[in-house]
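Written below as structure tokens is the structure these notes are about.
Every number here is computed from the coordinates shown, using simple stated rules; none is lab data. In this text, all values refer to a predicted model and were calculated from it rather than measured experimentally. In this analysis, Cβ positions are derived from the backbone assuming ideal geometry, glycine residues included, and neighbour counts consider all displayed protein chains.
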Amino acid sequence: MAVSDHVDFNTFMEGVKRRNPHQPEFTQAVQEVAEDIFDFMEDKEAYHSQQILRRISEPDRVVSFRVCWEDDAGNIRVQRGWRVQNNNAIGPYKGGLRFHPSVNESVLKFLAFEQTFKNALTGLPMGGGKGGSNFNPKGKSDREVMRFCQSFMTELYRHIGADVDVPAGDIGVGGREIGYMFGQYKRITNHFTGVLTGKGMEYGGSMIRPEATGYGAVYFMQEMLKHRGDEVKGKTAVISGSGNVATHAAEKITQLGGKVVTMSDSGGFIHDPDGISQEKIDWIKAHKTHRRGRISEYADEFKGATFHEGKRPWHVKCDLALPCATQNELDEAEARALVANGCIAVAEGANMPTTLAGTHVFKHAKIMFAPGKAANAGGVAVSGLEMSQNSERRSWKEEELQQMLLDIMQGIHGRCIAYGDQGDGYVDYVKGANIAGFKKVADAMLAFGVV
Ligand code: NDP
């Protein structure tokens, strides 16, 4: 028997764990995909003989580098930067940059792995990558953030390019950071190209990019409900996070007639039984982005709201749940609490916010459950459209982009149904997303031979 022949699931996962020691997030992400792919590959000899799953779970390359910068007090600070170029079978590497103290190689490899399937699901020609640093922007002055971004880009620029690898934002990287990094890229290379997405509107950014991930996640939720003859209107939603994805998800739920009752940050969550109206969402956006404040202050600002320090919102009764903060923020017990409290649908705005055991609870209970790679793909999809606009040196109107985003999310929903419909009225969206994303990348890899 050739080594490539039908290795079983457990042997495959043991190999992944052996080759990636101390990388729990990465092995978790691979396992979640492999659980579905093994069945799908059963009768597909080419995937086995060409070792596609083994190859797809090994990044093309991981670049790691030192980032030195000087703080306002004149101290020299040293951070580590990374870019994980996971897979470019269907297009240039594409994926965000995360600046957060929890960033390490395991986290970025899991994100780049997920990104590869997510990008395939959008139907746009984008490969998968992810990068970032353990730099913590919290509490830093604008000038400190600028100096860090410039130093980070002084190394990163040699690994990226409009047709090579196009980073974007993620946790801790918003419009301010993208601006500083684009400025430095342009200064070093003298090239004005679409090398980053999430840019400001004045210099090549796309309308609705800031809104796209959160809006897209709610569009996906809307499609799941529609598939069951239901709608967002009149539903109560619990949301975690209070950053880019969370605030825009809250905005779209509200626009569609739903009521959002929680938001959170790493300090805890706020519960507002009256509902977080558009006016209150605007306050959160300004408070978190411009004033760089904490969500706890919401409870001082708005009567009737309570702050729950160090807690997560999953025990609050709801119809819909949207985890939009970070990975592994919804565990097995919390998944059980959601199901017991009558939650009918979960859409992941964040990447891998539900633990593996938590996803098994949702699957077992057969509630609607959209994994991040499907539900939060709206952001990268509009980033793909930003790349097209930059290449063509044009910009589409807001209404056109809104429609394109909705079409793309409906397309992703359709692809999930194609591979996830279990025939008894239940759609396994995790399985559907994994298989649809995998198949596209795998078939491109087969076409290239052994490279
Ligand atoms: P932001 O930095 O704008 O917001 C992150 C939010 O999550 C903040 O409220 C933050 O709280 C909270 N948070 C971060 N880390 C933790 C933690 N360890 N525990 C509890 N809360 C935490 O990031 P985004 O909104 O852009 O990203 C949120 C998620 O969505 C991430 O998983 C990201 O990968 C994913 N995503 C983002 C996309 C985008 O377009 N931005 C696209 C697709 C996915 P605090 O202020 O206390 O840090």
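Table for the structure above
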| item | result |
| --- | --- |
| Amide proton proximity set for Phe369, modelled H, under 5 Å, gap of 5+ | Val346, Tyr429 |
| Antiparallel DSSP beta bridges within the chain, percent to nearest 5 | 55 percent |
| Cα point-scatterer Debye curve for the chain, base-10 log of I(q)/I(0) at q = 0.06, 0.07 Å⁻¹ | -0.24, -0.32 |
| Sum of side-chain charges, Ser296 neighbourhood, beta-carbon under 9 Å (Lys, Arg +1; Asp, Glu -1) | -3 |
| Pairwise Lys count, the range 51-176 - Cα closer than 26 Å, eight or more residues apart or different chains | 10 |
| Net +/- balance of residues flanking Pro92 in space, Cβ distance below 10 Å, scoring K and R +1, D and E -1 | -1 |
| Taking the chain and dividing mean pair separation by its residue count, relative contact order in percent (alpha carbons under 8 Å, at least six apart) | 15 percent |
| Karplus-derived 3J(HN,Hα), 6.51/-1.76/1.60, for each residue of the range 140-150, Hz, glycine and proline x | 8, 6, 4, 5, 5, 4, 4, 5, 5, 4, 5 |
| The range 9-56: projected area of the alpha-carbon convex hull, averaged over directions, in nm² | 3.2 nm² |
| Dipole magnitude (debye, nearest 20) for the chain, charges at Cβ of Lys, Arg, Asp, Glu | 1020 debye |
